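These notes concern the structure reproduced below.
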Amino acid sequence: MEIWYLTVDGETVITGTPGARNWLANLRACPRAVLHLRSPDRDVEVAAAEVIEQAKRRRITAEAFRLQPWYAEQPYSVEDWVAGAPMVVLTSVPPRAPKGS
C-alpha cells in the first residue's frame, strides 16, 4: 500500500487523518515491515513504534502541517490529530535471515 511519510526530528514517521486505519492495526499486530522507497529505489526493513506521548504527537502534527500542507487542509483541528490520528515512528532494523539459512 502506498503511504506518505515525514521526517520529524530525524525520525521517520507515518501518520494519517484521525480515525481507525488498517495499516495501524497491522503494525500493532506485527511491528516489522518493509518500506519500498523511491528515489533511490530501495527496500528498508523497519520496526514500528506507535507514538502515544501527547507532546510528541503534538510536535509531529505541527511538523506534518508545516511540511505537507495537505494535512492542514483536512477538516480536523490540531487537537483532533493529537487525540486520534494514527502515528508511528519507523526505525531501520537489520534484515531478517532467509528461512532455511
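General observations
- Residues of the range 84-99 that are free of Cβ contacts under 8 Å to residues at least 40 places away in the same chain and hydrophobic (A, V, I, L, M, F, W, C): Ala97 alone.
- Considering the range 72-83, and only residues there that are surrounded by 12 or more Cβ atoms within 10 Å (Cβ to Cβ) and without any contact (Cβ under 8 Å) to a residue 40 or more places away in the chain, the residue that is nearest to the chain's Cα centre (by Cα) turns out to be Val82.
- Test: residue in the range 36-57 that is under 15 Å from Thr7 (Cα atoms), in contact (Cβ under 8 Å) with a residue 60 or more places away in the chain and exposed (fewer than 15 other Cβ atoms within 10 Å of the Cβ): no
- In the range 13-30, the residues that are among the charged types (D, E, K, R) reach residues that are surrounded by fewer than 18 Cβ atoms within 10 Å (Cβ to Cβ) and at pLDDT 95 or above with C-beta atoms within less than 9 angstrom, at least six apart or across chains, in these pairs: Arg28/Glu50.
The values are calculated or read from the model by the stated rules, or taken from the named source; none is laboratory data. Here the structure is a predicted model, which means the values were calculated and not measured. Because the Cβ atoms are built from the backbone with ideal geometry, glycine has one as well, and the counts that use them run over all protein chains shown.
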